[in-house]
Amino acid sequence: MASTTTRLMTFEEFENLPDSGAMRQELHHGELIEVPPPKHGHKLIERRLRRLIEEVGRGSGVVETEVGFRPCPGNEYWTVDVAMVLGERWNETPRDGYLLGAPEFVIEVLSPSNSATEMRERKKICLENGCREFWIVDPKLLEVEVSTPDGHTITYKPGQQIALFFADGSNIAVDAIFE
């Protein structure tokens, strides 16, 4: 049986790929990853999170869904479900370039396609490259896991409030995320 050797892709090669249509493309350690578009329920949670953060954050940064960025140097390009980037940093990103480093605030909404290993790696790399909080939102368990660079992780459940690091005294109710 013959084996095929596949070569890792550089970021420059990735950047020059043709549009993939409906599939979202990412580059993980030089490997091209194609991800199907999120389903409607996933998008509803993303939109709700964006609205809640914008309302409570009162201009603390730019909040977007489906944010692409280069978390660290090398052959990496990732997309996260929801992110907040400080306004100055957002404005300094070249129009023909990419956000370098992880967003200050990253939220991933779990999908059936996510593995525990993938989420651990995303969290680790983001928190090592500028992210101040990394949330994993679990729509099945109705929980939100909040991790910080100092290694602390807290899981919030329905009926609890999550304090926002960028808006002193402001919280988001777990229940509001899953309405």
Tell me, which residue of the stretch 138-177 that is surrounded by 17 or more Cβ atoms within 10 Å (Cβ to Cβ) and among the polar types (S, T, N, Q) is nearest to residue 82 (Cα to Cα)?
147
If the requirement is being more than 24 Å from residue 109 (Cα to Cα), touching a residue at least 12 places away in the same chain (Cβ under 8 Å) and among the hydroxyl-bearing types (Ser, Thr, Tyr), which of these qualifies: 10, 65, 79?
10
Residue 74 versus (1) within 30 Å of residue 17 (Cβ to Cβ); (2) touching a helix residue (DSSP H, G or I) at 6+ places or on another chain (Cβ under 8 Å); (3) surrounded by 14 or more Cβ atoms within 10 Å (Cβ to Cβ): which is the lone unmet condition?
(3)
Please tell me if residue 53 is closer than 26 Å to residue 15 by Cβ, of a type outside the set (D, E, K, R) and touching a strand residue (DSSP E or B) at 6+ places or on another chain (Cβ under 9 Å).
no
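Just the residues that are farther than 17 Å from residue 127 by Cα and out of contact with any Lys or Arg (no Cβ under 9 Å at 6 or more places or on another chain), please, taken from the stretch 138-154.
Narrowing the stretch 138-154 to residues farther than 17 Å from residue 127 by Cα: 138-143.
Those that are farther than 17 Å from residue 127 by Cα and out of contact with any Lys or Arg (no Cβ under 9 Å at 6 or more places or on another chain): 138, 139, 140.
Do you know which of the residues in the stretch 112-132 that are buried (at least 21 other Cβ atoms within 10 Å of the Cβ) and of a type outside the set (D, E, K, R) is farthest from residue 49 (Cα to Cα)? Spell out the reasoning first.
Restricting attention to the stretch 112-132, the residues satisfying the condition of being buried (at least 21 other Cβ atoms within 10 Å of the Cβ) are 122, 126, 131.
Keeping just the survivors that are of a type outside the set (D, E, K, R) gives 126, 131.
Working: 126: 19, 131: 17 Å.
Here the residue is 126.
Taking residue 135 as the residue in question, decide whether it is touching a Pro at 6+ places or on another chain (Cβ under 8 Å), among the aromatic types (Phe, Trp, Tyr) and buried (at least 18 other Cβ atoms within 10 Å of the Cβ). Show your work before the answer.
Values: touching a Pro at 6+ places or on another chain (Cβ under 8 Å): no; among the aromatic types (Phe, Trp, Tyr): yes; buried (at least 18 other Cβ atoms within 10 Å of the Cβ): yes.
Criteria not met by residue 135.
Scanning for something hydrophobic (A, V, I, L, M, F, W, C) and within 19 Å of residue 60 (Cα to Cα), does the stretch 155-163 turn up at least one residue?
So the first thing to find is which residues in the stretch 155-163 are hydrophobic (A, V, I, L, M, F, W, C), and the list is 162-163.
Filter again for within 19 Å of residue 60 (Cα to Cα), leaving 162-163.
So far as the stretch 155-163 goes, yes, one or more of its residues are hydrophobic (A, V, I, L, M, F, W, C) and within 19 Å of residue 60 (Cα to Cα).
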Condition test on residue 122, is it within 17 Å of residue 80 (Cβ to Cβ) and of a type in the set (Lys, Arg)?
yes
I'm told residue 98 meets every condition in (1) out of contact with any Lys or Arg (no Cβ under 7 Å at 6 or more places or on another chain); (2) among the aromatic types (Phe, Trp, Tyr); (3) surrounded by fewer than 18 Cβ atoms within 10 Å (Cβ to Cβ) except one. Can you identify the failing condition by its number?
(1)
Within the stretch 29-61, how many residues turn out to be surrounded by 18 or more Cβ atoms within 10 Å (Cβ to Cβ) and without any contact (Cβ under 8 Å) to a residue 60 or more places away in the chain?
1
Restricting attention to the stretch 68-82, does a residue exist that is over 16 Å from the mean Cα position of the chain (by Cα) and aliphatic (A, V, I, L, M)?
no
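A short reminder: the numbers here are calculations on the coordinates, not readings from a lab. From a predicted model like this one, the values you see are computed outputs, not experimental measurements. As a convention, Cβ positions derive from the backbone with ideal geometry for all residues, glycine included, and neighbour counts pool all protein chains shown.
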